[in-house]
Amino acid sequence: MNTDYNTIKTTLEEGILTITINRPDKMNALNKDVITELGSALNKVNDNPEIKAAIITGEGNRAFVAGADISEFDTLDAAGGAKLAQRGADLVFDRIEHSKKPVIAAVNGFALGGGCELAMACHFRTASTNAQFGQPEVNLGLIPGYGGTQRLVQLVGKGRAMELLISAQMLKADKALDWGLVNHVFEPENLLEETRKILKNILTKAPIAIEHIITLVNEAATVSKEGFSMEVEKFGACFATEDKKEGTLAFMEKRKADFKGK
Ligand code: COA
């Protein structure tokens with residue numbers, strides 16, 4: 001196990017780097033340090049020839065990742081919000097999507113907000129029977145900022161994505177499987193082993209061919225590159241609203257938000 005990190009753990013086994021987000025007391029929420037350390041681990045995935053593929057998962061049995069760390073939103077204005085979203089895209093989300101080597105999400109509990117977006121940036125997803133997916137940003141007066149409005153449409157289609165995004169409704173593992181958001185569902189105790197088995201088979205195939213396929217499937221799925229930059233801008237714009245102040249404060253105070261549309 002690599003002990004260079006504080007907020008993630010990495011283990012390399014038979015060419016597969018397992019990256020575990022390690023803030024279980026905060027539902028593995030993505031704070032600035034997690035994004036930095038994930039970025040550094042992803043650099044290693046691409047640069048280290050001993051690493052052939054990666055799995056991203058969460059520590060504990062409750063959450064994969066319950067979103068961006070809401071406690072860091074307090075002081076951000078519109079420019080700060082947009083900067084946070086763009087930094088995540090540059091260091092983590094786009095880097096995963098465009099990784100030359102397969103990166104798979106093994107979703108072991110809540111995958112909400114940035115957690116659902118992290119899983120969706122991966123090349124495909126496996127999940128445990130207790131996984132739940134959702135984009136609950138509207139509960140906070142926000143929208144997804146890590147590509148969720150774009151990648152959810154790619155994966156489940158416009159109507160389903162629209163409803164999930166504007167209702168904050170959560171999707172259980174069996175429905176996520178039915179909707180094509182995940183490829184396989186396993187019992188929690190088997191999730192990592194079964195995901196490794198899938199990757200081990202993939203690793204018997206030609207690496208250069210795999211790299212080209214990743215590029216081409218990404219190209220086929222990306223309807224509009226502009227959609228991603230528009231999302232960053234509009235995510236930032238939400239930070240200038242009273243609804244965002246109320247929504248994030250209500251979450252920290254563990255109460256329901258009272259939105260005014262301002
Ligand atoms: N950012 C920061 N802290 C978070 C967090 C997030 N996204 N998600 C959970 N936490 C923290 C909680 O504040 C709590 O901290 P505390 O023990 O210091 O009070 C701890 O993790 C446990 O979460 P809690 O809400 O008490 O657990 P729960 O079982 O009642 O609910 C969830 C679990 C995942 C449903 C709930 O935590 C949740 O809705 N999280 C936010 C999801 C979200 O809106 N994500 C999008 C962010 S943009």
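A few comments on the model shown:
- Candidate set: segment 30-79, residues that are touching a residue at least 60 places away in the same chain (Cβ under 8 Å), in a loop (DSSP other than H, G, I, E, B) and within 16 Å of the ligand (Cβ to nearest atom); chosen: the one surrounded by the most Cβ atoms within 10 Å (Cβ to Cβ): GLY67
- Look at segment 157-170: where a residue is surrounded by 12 or more Cβ atoms within 10 Å (Cβ to Cβ) and a partner is of a type in the set (Asp, Glu), sitting 6+ places away or on another chain with Cβ atoms under 7 Å, you get GLN169/GLU163.
- Considering the conditions (1) among the polar types (S, T, N, Q); (2) loosely packed, with under 12 Cβ neighbours inside 10 Å; (3) modelled with pLDDT of 95 or more, ASN218 is excluded by exactly one of them, (2).
- Counting only helices (runs of 4 or more DSSP H) that fall entirely inside segment 199-262 and contain at least 2 residues that are more than 16 Å from the ligand (Cβ to nearest atom) and under 19 Å from the mean Cα position of the chain (by Cα), the qualifying elements are 207-221, 225-238.
- In segment 17-29, the residue that is nearest to the ligand (Cβ to nearest atom) out of those that are out of contact with any helix residue (DSSP H, G or I) (no Cβ under 8 Å at 6 or more places or on another chain) and polar (S, T, N, Q) is ASN22.
Listed here are the residues, each with its yes/no results for (1) closer than 26 Å to LYS234 by Cβ; (2) modelled with pLDDT under 95; (3) touching an Asp or Glu at 6+ places or on another chain (Cβ under 8 Å).
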residue	(1), (2), (3)
MET1	no, yes, no
ASN6	no, no, yes
GLU37	no, no, no
ASN46	no, no, no
GLU59	no, no, no
SER99	no, no, no
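- Counted residues, segment 1-28 - those being more than 19 Å from THR126 (Cβ to Cβ) and in contact (Cβ under 8 Å) with a residue 60 or more places away in the chain: 1
The values are calculated or read from the model by the stated rules, or taken from the named source; none is laboratory data. Values in this document were obtained by computation on a predicted structure and should not be read as measured data. Because the Cβ atoms are built from the backbone with ideal geometry, glycine has one as well, and the counts that use them run over all protein chains shown.
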